[in-house]
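Participant: Got a structure here, written out as structure tokens. Questions coming.
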Amino acid sequence: MATNPPKLKTVISGNERLQNLKNTFETKYGESPLFYAYAPGRVNLIGEHIDYCGYSVLPMAIEPNILAAVSVNSSGTITLANTNPQYKDFTVSCSEDIAIDRDNPKWFYYFLCGVKGIQEKFGIAPLAGMSCVVDGTIPPSSGLSSSSALVCCAGLVTMEANQKSLSKAKLIEFQPLRATDVKLPDGAVFVISNCCVEMNKAASSHFNIRVVECRIATKMLAQARGVDSSRLLKLAQVQTELKASLEEMLALVDEALHPEPYSREEICKTLGITSEQFSTDLLSANTQHETHFKLHQRAKHVYSEAARVLRFKSVCDSEPAGSIQLLGDLMNQSHSSCRDLYECSCRELDQLVDICLKSGAVGSRLTGAGWGGCAVSMVSEEKVESFLQAVRESYYLPDPRRAAMEKQSLFVSKPGGGAAIFLQE
Ligand code: ADP
């Protein structure tokens with residue numbers, strides 16, 4: 001029976017990266033890996049900052065990935081190492097509860113989240129001892145989900161090491177999507193370009209402030225329509241509750257919320273809650289200091305972006321005349337909305353998106369959380385070479401730091417394969 005993700009018998013020496021990883025593993029641990037696990041990065045084509053509001057997004061797996069080599073042993077410990085010396089070794093005991101320090105986003109905590117997720121799902125106690133070396137090619141903190149790929153890869157590693165059936169495991173749990181295939185139109189490719197500014201979501205509060213603003217907007221919109229908001233946390237839930245279309249939700253935002261930022265006092269008064277309730281029920285640990293909240297702009301972005309995702313998918317499904325231009329327009333609108341309403345772009349990303357459009361892209365937008373990281377551009381196939389050349393000359397070459405990073409920062413993103421386990425043939 002086919003397992004999902006697949007287990008592939010591979011000739012390790014036929015793949016330079018696997019062979020190098022095998023050598024590193026053998027030097028470090030004095031034994032050979034038993035298996036390898038692989039999880040790809042992804043680029044979100046459209047649908048930014050709306051997954052946590054309950055709306056669908058449209059990501060595509062890409063070739064850059066996280067790969068781990070693993071051996072299983074009776075040491076009673078999990079030992080983690082990384083081919084990148086920036087990520088230090090770590091060992092944890094299999095007999096103790098794995099503790100994740102949320103305030104300290106070190107690389108091994110992401111890995112341990114994947115381990116712990118599978119441990120809890122299958123009730124594994126104690127976990128099998130294992131030694132791992134991780135090797136990643138996804139630029140971190142750039143919007144290509146390097147940390148999710150690391151968590152996924154660690155989940156796969158843990159399942160395989162503990163002989164849990166892959167066909168039964170729901171790998172989809174790592175992804176917030178009910179997956180439906182979307183066929184992208186022929187004749188266009190997606191190009192990823194990194195603006196070379198990193199933004200680590202776990203180490204900054206930008207991301208959490210937006211999550212909080214959406215949560216407050218949810219309560220305020222429900223309140224405006226006389227709906228009990230106590231159970232509602234996501235903007236999509238208000239839409240469901242009101243049985244409204246996205247267009248109607250956009251009209252409601254204009255009617256019920258003002259564009260001026262809201263103070264804590266105004267929100268507490270409208271919702272009939274105390275300042276203490278506001279802090280404990282609505283704010284997160286790292287947003288306690290916030291005093292003003294742009295509810296109108298954030299809700300407007302979310303509902304309009306959710307509508308753009310649906311339009312994008314329907315253009316892909318029906319392929320009307322000029323579909324590439326239609327998709328490009330949606331990507332451009334998405335970027336403007338991220339920049340102006342959600343304010344999750346930055347100067348460098350805006351500059352890069354402008355350069356991509358001037359260099360011949362049909363559409364271009366920031367992708368991932370924003371505040372740095374990558375842009376994704378849709379480029380017609382015959383223009384790819386001239387596009388890459390123009391972006392190289394305008395964005396990367398004039399700046400020595402960017403020029404040094406160009407090779408990993410500007411690439412055509414062919415759709416990549418899904419997560420897999422490799423076994424030596
Ligand atoms: P992203 O959008 O790429 O997921 P995050 O800032 O959320 O960005 O996560 C980046 C973090 O993921 C890094 O700081 C590091 O802890 C971890 N990470 C990414 N790539 C690797 C890797 N190759 N090896 C170890 N850890 C990695």
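The values are calculated or read from the model by the stated rules, or taken from the named source; none is laboratory data. Keep in mind that this is a model prediction, so the values were computed, not measured. Backbone-built Cβ (ideal geometry, glycine too); neighbour counts: all protein chains shown. To get the accessible areas, we keep the full protein, side chains included, count just its heavy atoms, and leave off ligands, DNA and RNA. Shrake-Rupley method; radii C 1.70, N 1.55, O 1.52, S 1.80 Å.
Participant: Can you pull out every residue in region 32-58 that is open to solvent by less than 70 Å² (accessible area, probe 1.4 Å) and farther than 30 Å from residue 326 by Cα?
Facilitator: Of everything in region 32-58, those that are open to solvent by less than 70 Å² (accessible area, probe 1.4 Å) and farther than 30 Å from residue 326 by Cα turn out to be 32, 33, 35, 36, 37, 38, 39.
Participant: For region 356-367, enumerate the residues that are open to solvent by less than 10 Å² (accessible area, probe 1.4 Å) and either within 16 Å of the ligand (Cβ to nearest atom) or of a type in the set (D, E, K, R) (or both).
Facilitator: 365, 366, 367 - these are the residues of region 356-367 that are open to solvent by less than 10 Å² (accessible area, probe 1.4 Å) and either within 16 Å of the ligand (Cβ to nearest atom) or of a type in the set (D, E, K, R) (or both).
Participant: While we're here: Can you report the number of residues in region 212-235 which are touching a residue at least 12 places away in the same chain (Cβ under 8 Å) and over 24 Å from residue 286 (Cβ atoms)?
Facilitator: Selection size over region 212-235: 6.
Participant: Does residue 260 fit the bill of being surrounded by fewer than 12 Cβ atoms within 10 Å (Cβ to Cβ) and within 18 Å of residue 55 (Cα to Cα)?
Facilitator: The answer is no for residue 260.
Results for (1) open to solvent by less than 30 Å² (accessible area, probe 1.4 Å); (2) away from the ligand (no atom under 11 Å from the Cβ); (3) in contact with a Leu (Cβ under 7 Å, 6 or more places away or on another chain), shown as yes or no for each residue.
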residue	(1), (2), (3)
99	no, yes, no
105	no, no, no
117	no, yes, no
124	yes, yes, no
127	yes, yes, no
137	no, no, no
148	no, no, no
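Participant: For the condition of a type in the set (Asp, Glu) and within 27 Å of residue 391 (Cα to Cα), what is the one hit in 350, 281, 317?
Facilitator: 350
Participant: Oh, and also: I'm trying to understand the selection: among the residues of region 326-349, which are over 23 Å from residue 181 (Cβ atoms), in a helix (DSSP H, G or I) and not acidic (Asp, Glu)?
Facilitator: Within region 326-349, 332, 333, 335, 336, 337, 338, 339, 347, 349 meet the criteria.
Participant: Right, here's the next one. Tell me which of these residue 228 doesn't satisfy, since it passes every other one: (1) charged (D, E, K, R); (2) over 18 Å from residue 338 (Cα atoms); (3) modelled with pLDDT of 95 or more.
Facilitator: (3)
Participant: Against the definition (open to solvent by less than 10 Å² (accessible area, probe 1.4 Å), more than 16 Å from the ligand (Cβ to nearest atom), in contact with a Gly (Cβ under 7 Å, 6 or more places away or on another chain) and among the β-branched types (Val, Ile, Thr)), how does residue 379 come out, yes or no?
Facilitator: yes
Participant: When you check residue 72 against the structure, is it farther than 26 Å from residue 364 by Cα and at pLDDT 95 or above, yes or no?
Facilitator: Here the answer is yes, as residue 72 does meet what is asked.
Participant: Right, next: Report, by residue number, each residue of region 1-31 that is open to solvent by 50 Å² or more (accessible area, probe 1.4 Å) and of a type in the set (D, E, K, R).
Facilitator: Of everything in region 1-31, those that are open to solvent by 50 Å² or more (accessible area, probe 1.4 Å) and of a type in the set (D, E, K, R) turn out to be 7, 9, 16, 17, 26, 28, 31.
Participant: Here are some conditions: (1) closer than 21 Å to residue 25 by Cβ; (2) at pLDDT below 95. Residue 127 meets all but one. Which one does it not meet?
Facilitator: (2)
Participant: Would you confirm, using the coordinates I've provided, whether residue 250 is in contact with a Lys or Arg (Cβ under 8 Å, 6 or more places away or on another chain) and either open to solvent by less than 70 Å² (accessible area, probe 1.4 Å) or not in a loop (DSSP other than H, G, I, E, B) (or both)?
Facilitator: yes
Participant: All but one of (1) modelled with pLDDT of 95 or more; (2) touching a strand residue (DSSP E or B) at 6+ places or on another chain (Cβ under 8 Å); (3) over 18 Å from residue 184 (Cα atoms); (4) of a type in the set (Val, Ile, Thr) hold for residue 367; which doesn't?
Facilitator: (3)
Participant: Considering region 261-275 alone, what residues qualify as being of a type outside the set (A, V, I, L, M) and touching a residue at least 12 places away in the same chain (Cβ under 8 Å)?
Facilitator: 261, 262, 263, 264, 270
Participant: Still on this model: Being in contact with a Cys (Cβ under 8 Å, 6 or more places away or on another chain) and more than 16 Å from the ligand (Cβ to nearest atom) is true for just one of 353, 315, 391. Which residue is that?
Facilitator: The unique qualifying residue is 391.
Participant: Here's a follow-up. Scan region 3-55 for residues that are aromatic (Phe, Trp, Tyr) and within 25 Å of the chain's Cα centre (by Cα) and report the count.
Facilitator: Count: 4.
Participant: Moving on to the next point. Taking residue 294 and the conditions (1) among the basic types (Lys, Arg); (2) within 24 Å of residue 231 (Cα to Cα); (3) at pLDDT below 95, which numbered condition does it fall short on, given that it satisfies the others?
Facilitator: Condition not satisfied by residue 294: (3).
Participant: I would also like to ask the following. At pLDDT 95 or above and in a loop (DSSP other than H, G, I, E, B): is that true of residue 279 in this structure?
Facilitator: Answer is no for this residue.
Participant: For region 350-388, which positions are in a helix (DSSP H, G or I) and touching a Phe, Trp or Tyr at 6+ places or on another chain (Cβ under 8 Å)?
Facilitator: Within region 350-388, 351, 352, 355, 356 meet the criteria.
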